[in-house]
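Below: one structure, written as structure tokens.
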Amino acid sequence: MMKEYDFSFRDIVEYAKDVVVVTKASPINEPGPEIVYVNKAFTELTGYSLAEVEGKSPRILQSDETDVNEKAKIRHALAHQSPVRVTLKNFSKFGDAYWLDLSILPLKNANGEVSHFVAIERDVTEQKDFELQLEVLTRTDHLTKILNRRAFYETSAQEFQRFKRKGTEYAMLMVDIDHFKQINDQYGHTIGDEAIKTIAKLCQEHSRSYDTVARMGGEEFCLLLPETDKETSYIIAEKLRKMIEAYTLKTAAGDIKMTVSIGVSVVKESDKEHSSIFQRVDKRMHEAKESSRNCVC
């Protein structure tokens, strides 16, 4: 037996801090699912009033930046009339991005049929931004702001798997600043840091949009060159070497000229692990240093 209350459940929903959106259960394809209700929290978060969104789809809040996998989970749940929970990036009426912890539940009518869906949404933008900043910090070298060793290994492992699946060749460069200890000893660690940041900047400027540049630690850097064969990788390495040799680092302590030793290696069919190319390129870099420095091996 349904209890009677001297208050309205609608008022609770209307003034709840969490966003509440109710849509029709069908159709789920455009122009559906059609919005029939939003509460005040929705308007405060998105800038849209009920009058502006009624009859429209919640997709008006999405963009190309909204995760396709999360959207696919929602679509699957709507099609099967089942609950789902996702984390979704949406956009307000004014183009501002925000993140939601979004739960969608089916609502049944008196006949036991699913007639509507209710989405209960909590704004988790501050938490998500913190998580993204933390992820950047764990993947970024604190001095140069380029990728660190850990992130480069992850990227290399992904590229190796792509090579194993599709046979797409790739190359790697390892760059080491020649006589870096002398720079530190003569000019101090502050200037030494400037030298490291300068080499990182030059490596980035010399790389293509789809290449990956990382600081591996100390004065060593790596470049991952997708879809690059042996001959092309050598040409790229030699151009980088010459560019660094021609560059003058201007400091308060005077002008500094730098050179680098570069090792080059290309992935092989015989490689069992992505670490194999690291071992070869490291060996080639040390051969360059032991021969004459300021060269490509």
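No lab work stands behind these numbers, since they all come straight from the coordinates. For clarity, every value in this text was computed on a predicted model and none was experimentally measured. Glycine gets a Cβ as well: all are built from the backbone with ideal geometry, and neighbour counts include every protein chain shown.
Odds and ends about this structure:
- Each listed q (0.17, 0.18, 0.19 Å⁻¹) maps to a log10 I(q)/I(0) for region 140-291 from the Debye sum over equal C-alpha point scatterers, namely -0.94, -1.04, -1.15.
- Reported label for calculated volume of the Cα convex hull per residue in Å³ given (i) 104; (ii) 199; (iii) 154: (ii)
- ³J(HN,Hα), Karplus 6.51/-1.76/1.60, whole Hz, each residue of region 290-297, x for Gly, Pro: 7, 7, 8, 6, 6, 8, 10, 10
- Within a straight-line Cα-Cα reach of under 30 Å, Lys17 can be paired with the following lysines, leaving aside sequence neighbours fewer than 8 residues apart in one chain: Lys3, Lys40, Lys56, Lys71, Lys73, Lys89, Lys93, Lys108, Lys128.
- Within the straight-line cut-off of under 22 Å between alpha carbons, the lysines reachable from Lys272 are Lys164, Lys166, Lys230, Lys283, sequence neighbours fewer than 8 places apart in one chain being disregarded.
- Descending Cα extents along the principal axes, region 1-89, whole Å: 45, 33, 23
- For Val84, the residues whose amide H sits under 5 Å from its own are Ile104, ignoring neighbours fewer than 5 places away on the same chain, with H placed 1.01 Å from N.
- Taking trypsin sites (Lys or Arg not before Pro) across region 200-241, the ones in a DSSP loop with at most 13 further Cβ atoms lying within 10 angstrom of their Cβ are Arg208.
- Across the chain, the relative contact order, built from alpha-carbon pairs under 8 Å that are at least six residues apart, equals 13 percent.
- Between the beta carbons of His142 and Ser82, assuming R0 = 41 Å, the FRET efficiency works out to 0.35 to the nearest 0.05.
- In a fully extended conformation the segment linking Asp96 and Arg208 would gain 37.2 nm over its present Cα-Cα distance, using 0.36 nm per residue.
- Distance between the pseudo-spin-label points of Ala72 and Glu131 (7 Å out from Cα toward the beta carbon): 1.9 nm.
- Pairwise centroid distance, computed over Cα atoms, of region 257-293 with region 40-117, Å: 51 Å
- About its Cα centre, the dipole of the chain is roughly 680 debye, where the only charges are +1 on Lys and Arg Cβ and -1 on Asp and Glu Cβ.
- Percentage relative contact order, region 229-268, counting C-alpha pairs under 8 Å, at least six apart: 42 percent
- Contact order normalised by residue count of region 140-291, Cα under 8 Å, 6+ apart, percent: 30 percent
- Ordering of 106-112, 60-66, 178-184 by burial proxy (mean other Cβ atoms within 10 Å per residue, highest first): 178-184, 60-66, 106-112
- Sparse-neighbour loop sites [GluC sites (Glu not before Pro); region 246-297; at most 12 other C-beta within 10 Å; DSSP]: Glu269, Glu273
- Applying the criteria of a DSSP loop state and at most 16 other Cβ atoms within 10 Å to the chymotrypsin sites (Phe, Trp or Tyr not before Pro) of region 185-243 yields Tyr210.
- FRET efficiency estimate (nearest 0.05) - Cβ-Cβ, Glu30 to Arg150, R0 41 angstrom: 0.45
- Karplus-derived HN-Hα couplings along region 74-86 (A = 6.51, B = -1.76, C = 1.60, θ = phi - 60°), whole Hz, x at Gly and Pro: 5, 4, 4, 5, 5, 5, 9, 6, 10, x, 8, 9, 9
- For Thr251, distant residues with modelled amide H under 5 Å away: Ile256
- Length released on extending from Lys166 to Ser291, taking residue separation times 0.36 nm less the Cα-Cα span: 41.4 nm
- Residue among Cys222, Asn184, Ile256 farthest towards the positive dipole end of region 140-291, charges placed on Cβ: Cys222
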